[in-house]
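The values are calculated or read from the model by the stated rules, or taken from the named source; none is laboratory data. This structure is a prediction, so every number in the text was calculated from the model and none was measured. Here the Cβ positions follow ideal geometry from the backbone for every residue, glycine too, while neighbour counts run over all protein chains shown. Accessible surface is based on the protein model in full, side chains and every heavy atom, while ligands, DNA and RNA are left aside. Shrake-Rupley method; radii C 1.70, N 1.55, O 1.52, S 1.80 Å.
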Amino acid sequence: MAENQSKATQADAPAQAPVLRPGRAADPVPAAAPTDAQPSVPAPALTGTVGVTKPGEGSGAAVAPDSRAGEGGDKTDGSTERVVAESRQRKLRLMLRQCDRVLLMDFDLLAMNDWPDNYTLAEARRSRDLWLFSALLAAVVFLGGLTGVVPAWIAGGGFGVFVMILLLGMPAVRRIYTSKPSYLDFLVTRQRMLREARRHAAHLEGADGLIWQCAQMSDFNPALRNSRFSHLLRLSESRILPRQLTRREYVRLYLIYLLEAEKAYSRVQRAFFEGNQKAIDHGWQDVAAEPAPRT
């Protein structure tokens, strides 16, 4: 009975460590059978694997729109830059085509370095006045002899002097004793130089006018905006500039403007070729183009 009570006590007691008895092997405590089918992986491991994703799977969905947006922005910026470059190249090409006649300028013809100055002209005028006075005095002496006021021999001498003075006034005879141009020669030289300058200006201006079209290059040379050129620009726009170059001052002012326009043209040409090189570097073959042939 005591043995049954001890067995009952052991049955009611919780599972204890195996008890070794003399002469018997150890009886291990039987493991409790699992009630539910559970995976062999511990719970913490399971909870940890729920949120695990492969690299680039979960974050790729969020990164892809940003990358596509960046690519779209780069394409938009690239197309905008290309349009701006193409517009700039077209504008520079138009400037080069409209103002290329400035390279045909003849500096010596417009500078008029051989122009007779006022001092030389005044000296020649004094020589002319002296010649006229001498011829008039000899004529008076001759006429006085005809009226009997002056003796006949003096009148004859006056007539001879009058003839000699007239002969000395002739260009062919005057060149025998002097190589100095006369007052009339200086006037003819001035008129010839002005005529040649107007003819050259008409060649440069053409049918459309030159310098008023070169005014669009003022961004490359601010000197073209000077107010002293405004009258010339209006005349060039009206296609009547060559006829109005009646004085040397006007021709020299026209020459100064052409020199400034030539500087601006060289800068426009440099900017055009730099834009061409940039377009070639970016692969914009339709933007990179050579300037139109000169007319």
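Which percent of the accessible heavy-atom area of the stretch 76-158 goes to carbon and sulfur, probe 1.4 angstrom? Answer for the stretch 76-158 is 63 percent, counting heavy atoms of protein chains only. In units of the compact-protein estimate 2.2 N^0.38 Å, the stretch 201-253 shows a Cα radius of gyration of 1.09. Other residues with beta-carbon under 12 Å from the beta-carbon of Glu260 carry, at +1 per Lys or Arg and -1 per Asp or Glu, a net charge of +3. For the stretch 113-268, the solvent-accessible area works out to 61 Å² per residue, with a probe of 1.4 Å and every protein chain left in place. Under conditions of 37 °C and 0.692 mPa s, the stretch 90-222 yields 168 µm² s⁻¹ as its translational diffusion coefficient, taking Rh as the Kirkwood radius over Cα pairs in the Stokes-Einstein equation. In the stretch 77-122, the alpha-carbon atoms span a convex hull of 93 Å³ per residue.
Note on the stretch 186-227: with neighbouring protein chains present and a 1.4 Å probe, carbon and sulfur make up 51 percent of its accessible heavy-atom surface.
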